[in-house]
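Peer 1: The following block contains the structure, expressed as structure tokens.
The values are calculated or read from the model by the stated rules, or taken from the named source; none is laboratory data. It should be emphasised that the depicted structure is a prediction, and the values quoted were computed from it without experimental measurement. Every residue, glycine among them, receives a Cβ derived from its backbone with ideal geometry; neighbour counts consider all protein chains shown.
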Protein chains: 2
Amino acid sequence: MKLETRKHEIIKTAAKLFKEKGYSAVTMRDIATAMGIKAASLYNHISSKQEILKEIIISLAEEFTTGMELIVNSNNSNLDKLSQIITLHVTITTNNTSGMASLNNDWMHLEDQLEYYLELRNNYEKTFLSIINQGIKSSEIKKVNPEIIMFSMLSTLRSLYLWIPNKEDSSANVIANNLSAILIQGINK
Amino acid sequence: MKLETRKHEIIKTAAKLFKEKGYSAVTMRDIATAMGIKAASLYNHISSKQEILKEIIISLAEEFTTGMELIVNSNNSNLDKLSQIITLHVTITTNNTSGMASLNNDWMHLEDQLEYYLELRNNYEKTFLSIINQGIKSSEIKKVNPEIIMFSMLSTLRSLYLWIPNKEDSSANVIANNLSAILIQGINK
DNA sequence: ATCAAAAACTAACACTTGTTAGTTTCTCTG
DNA sequence: CAGAGAAACTAACAAGTGTTAGTTTTTGAT
């Protein structure tokens, strides 16, 4: 399986443009121009604009799902699991900043795959919440409203795509450690 | 000055639609249909689609600017100032959830007013950061990277628009207090 | 050098977009 | 109830949209 097909280049280019202006405001001619070709030529590699969005979002959503399964099934403490979730987000975002913008802002423009995406997202959040709840039950975590804890953590983690590009100097590890200090020490009992 | 002009109704309706699909994906015909009229009729009240976006975003941005000036010029402790910033975001978001979606996601589609918006945003963040820095200097706040503190707080506060609509039962005060517990206790020394 | 596959091209389509012009209807004050 | 101003309407425009069909060029293995 080729790592860098023409199709992949199109998807990467499109993701970069989607990040700047959003899926709806980017035209096929925009994408083509950015690649130095004509719009019609894109269709030798992809079947529709929709397909580009689907490829960007679904592959990322599945990455998160896989990562979360590994974390929840490990034997670490619940606080450690939260740390690992932070690392998961930092790692995926570092590797695909543009794609994360689409995942966050353009998922509602998925058509056929919208239901599937929402299922993945709901499961992810359900698992996330269960880790927090277990952490509270085992007295690792302060007794604060667990949904607010998750909301606050997820908000920060989902915004990483806006911020990581400005921190090229810091490695993924440094960022993850700093975030753990802020997001977890606050709820640590 | 009339509180609820027809123009205001259009802006409110548009903001609701912009929240669902984003500015670019919403057509003038969508807005008109939602109001039960024809697209051309909108132009008796507004001059362009652009103007609608401008009205939504700039008025909110100026609200934040005004609020931040009041806070920074008060004589409260720096931790209290941070609490007040949280309350500011919760209050404004509670009163205009839809508008906050546009402010967060569609500011890049401002044309004439883009520069002005960015100026307001930059000033806001500069002031926010200065409060954190003073809090660290006065030993109120843990010595963590101040930019990461601000990033984490702002991410959460900017995502409130997604979350507050699901919490109709909680009052603005309850939400602000819960958020303060999580966002501030973590950095409190 | 040949030739098939890959990848680009031109031209055009049917449809949607924001917006304008001109006209009709509604509403409410004098 | 007359008449003006507000607010709706119909019809149409020019430009831009995603996409298709058919053709030419580029590429790389034999």
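Peer 1: Go through the residues of segment B:4-23 one by one and say whether even a single one is more than 28 Å from residue A:105 (Cα to Cα), within 12 Å of DNA strand C (Cβ to nearest atom) and in contact (Cβ under 8 Å) with a residue 12 or more places away in the chain.
Peer 2: yes
Peer 1: Would you point out the residue of segment A:136-148, among those that are under 18 Å from residue A:126 (Cα atoms) and facing chain B (nearest Cβ under 10 Å), that is surrounded by the most Cβ atoms within 10 Å (Cβ to Cβ)? Before you say what the answer is, go through the steps one by one.
Peer 2: To start, the set of residues in segment A:136-148 that are under 18 Å from residue A:126 (Cα atoms) comprises A:136-137, A:141, A:144-148.
This time we only want the ones that are facing chain B (nearest Cβ under 10 Å), so: A:144-145, A:147-148.
Numbers: A:144: 18, A:145: 17, A:147: 16, A:148: 21.
Once the filter is applied, the top-ranked residue is A:148.
Peer 1: Sticking with this one: Quick one: residue B:38 ticks every box in (1) in contact with an Asp or Glu (Cβ under 7 Å, 6 or more places away or on another chain); (2) free of Cβ contacts under 8 Å to residues at least 12 places away in the same chain except a single one, so which number is it?
Peer 2: Condition not satisfied by residue B:38: (1).
Peer 1: Determine whether residue B:87 is away from chain A (no Cβ under 14 Å), more than 16 Å from DNA strand D (Cβ to nearest atom) and in contact (Cβ under 8 Å) with a residue 12 or more places away in the chain. Full working, then the answer.
Peer 2: Values: away from chain A (no Cβ under 14 Å): yes; more than 16 Å from DNA strand D (Cβ to nearest atom): yes; in contact (Cβ under 8 Å) with a residue 12 or more places away in the chain: yes.
Answer is yes for this residue.
Peer 1: Test residue B:130 against the stated conditions and say whether it is part of a helix (DSSP H, G or I), within 10 Å of chain A (Cβ to nearest Cβ) and at pLDDT 90 or above.
Peer 2: Numbers: part of a helix (DSSP H, G or I): yes; within 10 Å of chain A (Cβ to nearest Cβ): no; at pLDDT 90 or above: yes.
No, not satisfied.
Peer 1: Report yes if some residue within segment B:78-95 is at pLDDT 95 or above and not in a helix (DSSP H, G or I); otherwise report no.
Peer 2: Within segment B:78-95, none of the residues are at pLDDT 95 or above and not in a helix (DSSP H, G or I).
Peer 1: Is one or more of the residues making up segment A:149-171 at the interface with another protein chain (Cβ under 7 Å from one of its Cβ atoms), among the small types (Gly, Ala, Ser) and within 15 Å of residue B:146 (Cα to Cα)?
Peer 2: no
Peer 1: For segment A:12-38, what are the residues that are within 14 Å of chain B (Cβ to nearest Cβ), of a type in the set (Val, Ile, Thr) and surrounded by fewer than 17 Cβ atoms within 10 Å (Cβ to Cβ)?
Peer 2: Scanning segment A:12-38 gives a single hit, A:27.
Peer 1: Same structure again: Would you confirm, using the coordinates I've provided, whether residue A:60 is under 21 Å from residue A:93 (Cβ atoms), at pLDDT 95 or above and within 13 Å of DNA strand D (Cβ to nearest atom)?
Peer 2: For residue A:60, the condition - under 21 Å from residue A:93 (Cβ atoms), at pLDDT 95 or above and within 13 Å of DNA strand D (Cβ to nearest atom) - is not met.
Peer 1: Moving on to the next point. I want to confirm something. Restricting to segment B:114-129 and keeping residues that are more than 21 Å from residue B:141 (Cβ to Cβ) and of a type outside the set (A, V, I, L, M, F, W, C), which single residue is farthest from the chain's Cα centre (by Cα)? Full working, then the answer.
Peer 2: Filtering segment B:114-129 for residues more than 21 Å from residue B:141 (Cβ to Cβ) gives B:114-123.
Going one step further and asking which of them are of a type outside the set (A, V, I, L, M, F, W, C), we end up with B:115-117, B:119, B:121-123.
On the way: B:115: 17, B:116: 16, B:117: 12, B:119: 15, B:121: 10, B:122: 14, B:123: 14 Å.
Applying the filter and picking the extreme gives B:115.
Peer 1: Restricting attention to segment A:39-77, report how many residues are surrounded by fewer than 16 Cβ atoms within 10 Å (Cβ to Cβ) and within 14 Å of chain B (Cβ to nearest Cβ).
Peer 2: 1
Peer 1: Residue by residue through segment A:34-43, note down the ones that are assigned to a helix (DSSP H, G or I) and either near DNA strand C (Cβ under 10 Å from one of its atoms) or over 10 Å from residue A:14 (Cβ atoms) (or both).
Peer 2: A:35, A:39, A:40, A:41, A:42
Peer 1: Select from segment B:105-117 the residues that are within 14 Å of chain A (Cβ to nearest Cβ) and either in a helix (DSSP H, G or I) or modelled with pLDDT under 95 (or both) and list them in ascending order. Show your work before the answer.
Peer 2: Step one: list which residues in segment B:105-117 are within 14 Å of chain A (Cβ to nearest Cβ), which gives B:105-111, B:114.
The answer is B:105, B:107, B:108, B:109, B:114.
Peer 1: Checking the conditions here, which among B:31, B:58 is touching a residue at least 24 places away in the same chain (Cβ under 8 Å), in a helix (DSSP H, G or I) and of a type in the set (Val, Ile, Thr)? Walk me through it before giving the result.
Peer 2: Details: B:31 fails: touching a residue at least 24 places away in the same chain (Cβ under 8 Å).
The match here is B:58.
Peer 1: If you scan segment B:5-28, which residues turn out to be part of a loop (DSSP other than H, G, I, E, B) and either of a type in the set (Lys, Arg) or more than 14 Å from DNA strand D (Cβ to nearest atom) (or both)? Can you show your working first?
Peer 2: First, pick out the residues of segment B:5-28 that are part of a loop (DSSP other than H, G, I, E, B): B:5, B:22, B:26-27.
Of everything in segment B:5-28, just one residue is part of a loop (DSSP other than H, G, I, E, B) and either of a type in the set (Lys, Arg) or more than 14 Å from DNA strand D (Cβ to nearest atom) (or both), namely B:26.
Peer 1: May I pose another question? Could you pull out the residue among B:102, B:139 that is outside any helix (DSSP H, G or I) and either at pLDDT below 95 or within 13 Å of the chain's Cα centre (by Cα) (or both)?
Peer 2: Values: B:102 fails: outside any helix (DSSP H, G or I).
Going through B:102, B:139 in turn, just one is outside any helix (DSSP H, G or I) and either at pLDDT below 95 or within 13 Å of the chain's Cα centre (by Cα) (or both): B:139.
Peer 1: Would you check which residues across segment B:172-189 are at the interface with chain A (Cβ under 8 Å from one of its Cβ atoms) and outside any helix (DSSP H, G or I) and list them?
Peer 2: B:186, B:187, listed by residue number.
Peer 1: Condition (residue is among the small types (Gly, Ala, Ser), modelled with pLDDT of 95 or more and under 24 Å from residue B:107 (Cα atoms)) applied to segment A:40-56: is it met by at least one residue? Outline the logic, then answer.
Peer 2: First, the residues of segment A:40-56 that are among the small types (Gly, Ala, Ser): A:40-41, A:47-48.
With modelled with pLDDT of 95 or more added as a condition, the list becomes A:40-41, A:47-48.
Now narrow it down to the ones that are under 24 Å from residue B:107 (Cα atoms): none.
Within segment A:40-56 (the criterion being among the small types (Gly, Ala, Ser), modelled with pLDDT of 95 or more and under 24 Å from residue B:107 (Cα atoms)), the answer is no, since none of the residues qualifies.
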